[in-house]
Amino acid sequence: MAIHKVVSNAQEACEGIESGMTLMLGGFGLCGIPENSIAHLVKMGVKDLTCISNNAGVDDFGLGLLLQGKQIKKMISSYVGENDEFERQMLSGELEVDLIPQGSLAERCRAGGAGIPAFFTPAGYGTEVGEGKEVRVFNGKPHILEHALTADYAIVRAWKGDTAGNLIFKATARNFNPVMAMAGKITIAEVEELVPIGELDPNEIHTPGIFVQRIFQGKSYEKRIEQRTVKPRS
Amino acid sequence: MGSFPFEGDEDADLINAGKQTITALPGAVFFDSAMSFAMIRGQHVQLTVLGAMEVSQNGDIANWKIPGKMVKGMGGAMDLVASADNIIVAMMHTNRAGESKLLADCSLPLTGVACVKKVVTNLACLEIKDGAFHLLERAPGVTVEEIKAATAGKLIIPDEVPEMKL
């Protein structure tokens, strides 16, 4: 592989991220979030970020850590229910928030990565979400125009990755990671296990390495669980 | 989707849409969020059941935002109500203040317009058509008068209103 993508840690991976940039961060709730990179963004102290992520973490983990440091200027998300600091900053006007339907969020990222500038969807028609947006009727049903999303940096977490940037996600930690990986001008993948090229079965790769510019093996994953639901062993 | 995992078997990478730890049954498939909503938007899912804060007599639903108060976001609710053919709302008939949640027009920000087909509450089962709530069934022990009193929107009451069989 002529292009060298492997970096040694989050610090090297996040090089070039500056205040005022737009970031996409994979994950659903705390599942599949790029923990190492988020921790490093906190350390970097970059501010005025626009963060595109389905959720905003919880008060003391995930994107909540960036909110605590007031590093985020604007959030683009679909659901932010589990975060008191988020709600406080939003209601006080410190934080700009664009809440968008989850399916539109996923598709806007996918479209951004796929070179489709905009698309029509029925979701949000006749609601606040549709205000000011172009409406067209297809098959008798009104749809609104939604624009693609891209980011200066997309940061994703995968289960396994190879040195060419090919990625495999685990279970439901896949969520927004593949579509966001497509939509970053620079995409950073932190993986739980980094292997040499040739070790991953090409049939089983979820994200082709062409979408990934930097990859590193993360460490000390906490993988916090938001709602631990179990049944007793009887 | 399987049951909750046994204590100690929970996997942070395997959760449901409520972020609860779950298990996968044989035949399960994992997919990304764009494909998840392709299934919904593409009408490969026939039925959606969800809760609501308000439902109007023309089938509008409000369930995601109270201005100046709660900020949670709509999650996937707008995609769901805009796409599925059959949408059933399951909710209490009145709110905590005792006010009807079945209205002529929703007062809260909408989640979707003219999409709800049926409402099932603690008092009754109602169908929404032609701009009105049509009473189909009463909950056990509930009278038509009680349902009438708790419904602010236009209510059509047929001669016979059977009691729900639970």
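Could you list, in sequence order, the residues of the stretch B:134-149 that are β-branched (Val, Ile, Thr), in a loop (DSSP other than H, G, I, E, B) and more than 14 Å from B:MET92 (Cβ to Cβ)?
First, the residues of the stretch B:134-149 that are β-branched (Val, Ile, Thr): B:142-144, B:147.
Cutting the leftovers down to in a loop (DSSP other than H, G, I, E, B) gives us B:142-143.
Of everything in the stretch B:134-149, just one residue is β-branched (Val, Ile, Thr), in a loop (DSSP other than H, G, I, E, B) and more than 14 Å from B:MET92 (Cβ to Cβ), namely B:THR143.
Can you pull out the residues in the stretch A:159-168 that are open to solvent by 10 Å² or more (accessible area, probe 1.4 Å) and within 14 Å of chain B (Cβ to nearest Cβ)?
A:TRP159, A:LYS160, A:ILE168
Of the numbered conditions (1) closer than 28 Å to A:GLU85 by Cα; (2) under 17 Å from the mean Cα position of the chain (by Cα); (3) within 14 Å of chain A (Cβ to nearest Cβ), B:LYS69 fails exactly one; give the number of that condition.
Condition not satisfied by B:LYS69: (2).
What are the residues in the stretch B:7-23 that are within 7 Å of chain A (Cβ to nearest Cβ), open to solvent by 50 Å² or more (accessible area, probe 1.4 Å) and either in contact with a strand residue (DSSP E or B) (Cβ under 6 Å, 6 or more places away or on another chain) or closer than 16 Å to A:ARG174 by Cα (or both), if any?
Across the stretch B:7-23, the qualifying residue is only B:GLN20.
Would you confirm whether any residue within the stretch B:46-60 is within 12 Å of chain A (Cβ to nearest Cβ), surrounded by 15 or more Cβ atoms within 10 Å (Cβ to Cβ), closer than 28 Å to A:MET180 by Cβ and touching a helix residue (DSSP H, G or I) at 6+ places or on another chain (Cβ under 6 Å)?
If we filter the stretch B:46-60 for residues that are within 12 Å of chain A (Cβ to nearest Cβ), which is where we start, we get B:56, B:58-60.
Going one step further and asking which of them are surrounded by 15 or more Cβ atoms within 10 Å (Cβ to Cβ), we end up with B:56, B:58-60.
Cutting the leftovers down to closer than 28 Å to A:MET180 by Cβ gives us none.
No, the stretch B:46-60 contains no residue that is within 12 Å of chain A (Cβ to nearest Cβ), surrounded by 15 or more Cβ atoms within 10 Å (Cβ to Cβ), closer than 28 Å to A:MET180 by Cβ and touching a helix residue (DSSP H, G or I) at 6+ places or on another chain (Cβ under 6 Å).
Does A:ALA118 meet the test of being open to solvent by 10 Å² or more (accessible area, probe 1.4 Å), among the small types (Gly, Ala, Ser) and farther than 25 Å from A:VAL42 by Cβ?
On the way: open to solvent by 10 Å² or more (accessible area, probe 1.4 Å): yes; among the small types (Gly, Ala, Ser): yes; farther than 25 Å from A:VAL42 by Cβ: yes.
Yes; evaluated as a whole, the condition is true for this residue.
Testing A:SER234 on (1) at pLDDT below 95; (2) open to solvent by less than 60 Å² (accessible area, probe 1.4 Å), one condition comes back false. Which one is that?
The failed condition is (2).
Among the residues of the stretch B:118-131, are any more than 14 Å from every other protein chain (Cβ to nearest Cβ), touching a Gly at 6+ places or on another chain (Cβ under 7 Å) and modelled with pLDDT of 95 or more? I'd like the intermediate steps shown before the answer.
Taking the stretch B:118-131 first, the residues more than 14 Å from every other protein chain (Cβ to nearest Cβ) are B:118-131.
Subset that is touching a Gly at 6+ places or on another chain (Cβ under 7 Å): B:128.
Checking which are modelled with pLDDT of 95 or more leaves us with B:128.
Checked against the condition, which is being more than 14 Å from every other protein chain (Cβ to nearest Cβ), touching a Gly at 6+ places or on another chain (Cβ under 7 Å) and modelled with pLDDT of 95 or more, the stretch B:118-131 yields at least one hit.
If a residue has to be facing chain A (nearest Cβ under 7 Å) and assigned to a loop (DSSP other than H, G, I, E, B) to count, how many in the stretch B:32-45 make the cut?
1
Between B:GLY75, B:GLY51, B:GLY42, B:GLY98, which is touching a strand residue (DSSP E or B) at 6+ places or on another chain (Cβ under 9 Å) and of a type in the set (Gly, Ala, Ser)?
Matching residue, one of B:GLY75, B:GLY51, B:GLY42, B:GLY98: B:GLY51.
Would you mention how many residues in the stretch A:111-126 are β-branched (Val, Ile, Thr) and in a helix (DSSP H, G or I)?
Within the stretch A:111-126, the subset β-branched (Val, Ile, Thr) is A:116, A:121.
Next, only the ones that are in a helix (DSSP H, G or I) stay: none.
The total comes to 0.
As an exercise: evaluate A:ALA189 against (1) in a loop (DSSP other than H, G, I, E, B); (2) at pLDDT 95 or above and give the number of the one condition it does not meet.
(1)
Hey, could you check the stretch A:185-229 for residues that are touching a residue at least 40 places away in the same chain (Cβ under 8 Å) and basic (Lys, Arg) and say which is farthest from the other protein chains (Cβ to nearest Cβ)?
A:ARG214
Give the residue that is nearest to the other protein chains (Cβ to nearest Cβ), with candidates limited to residues of the stretch A:83-102 that are part of a helix (DSSP H, G or I) and open to solvent by less than 10 Å² (accessible area, probe 1.4 Å). Spell out the reasoning first.
Quick first cut of the stretch A:83-102, residues part of a helix (DSSP H, G or I) only: A:84-91, A:102.
Next, only the ones that are open to solvent by less than 10 Å² (accessible area, probe 1.4 Å) stay: A:86, A:89.
On the way: A:PHE86: 8, A:GLN89: 10 Å.
Among those that are part of a helix (DSSP H, G or I) and open to solvent by less than 10 Å² (accessible area, probe 1.4 Å), it is A:PHE86.
For the stretch A:35-60, which residues satisfy the criterion of being modelled with pLDDT under 95 and hydrophobic (A, V, I, L, M, F, W, C)?
Answer for the stretch A:35-60, where residues must be modelled with pLDDT under 95 and hydrophobic (A, V, I, L, M, F, W, C): A:ALA56, A:VAL58.
Quick one: in the stretch A:27-77, which of the residues that are open to solvent by less than 10 Å² (accessible area, probe 1.4 Å), part of a helix (DSSP H, G or I) and in contact (Cβ under 8 Å) with a residue 24 or more places away in the chain is nearest to A:ILE215 (Cα to Cα)?
A:SER37
Of all residues in the stretch A:121-142 being more than 9 Å from chain B (Cβ to nearest Cβ) and touching a Leu at 6+ places or on another chain (Cβ under 6 Å), which is farthest from B:TRP64 (Cα to Cα)?
Once the filter is applied, the top-ranked residue is A:GLU134.
Pairs under 6 Å by beta carbon, first residue closer than 20 Å to A:GLU128 by Cα and more than 14 Å from chain A (Cβ to nearest Cβ) in the stretch B:96-113, partner in a loop (DSSP other than H, G, I, E, B) and open to solvent by 30 Å² or more (accessible area, probe 1.4 Å), six or more apart or different chains?
From the stretch B:96-113, the pairs are B:LEU103/B:ALA152; B:ALA104/B:GLN57.
Listed residues A:VAL129, A:VAL80, A:VAL156; which is assigned to a loop (DSSP other than H, G, I, E, B) and buried (at least 20 other Cβ atoms within 10 Å of the Cβ)? Give the steps one after another, and end with the answer.
Working: A:VAL129 fails: assigned to a loop (DSSP other than H, G, I, E, B); A:VAL156 fails: assigned to a loop (DSSP other than H, G, I, E, B).
One residue alone meets the criteria, A:VAL80.
Which one of these is within 12 Å of chain B (Cβ to nearest Cβ), of a type outside the set (D, E, K, R) and either surrounded by 15 or more Cβ atoms within 10 Å (Cβ to Cβ) or on the phi < 0 side of the Ramachandran plot (or both): A:LEU105, A:LEU145?
Exactly one residue qualifies, and that residue is A:LEU105.
The values are calculated or read from the model by the stated rules, or taken from the named source; none is laboratory data. Source: prediction; values computed, not measured. Backbone-built Cβ (ideal geometry, glycine too); neighbour counts: all protein chains shown. Ligands, DNA and RNA are stripped out before the accessible areas are found, and what is left, the full protein with its side chains, is counted by its heavy atoms. Shrake-Rupley method; radii C 1.70, N 1.55, O 1.52, S 1.80 Å.
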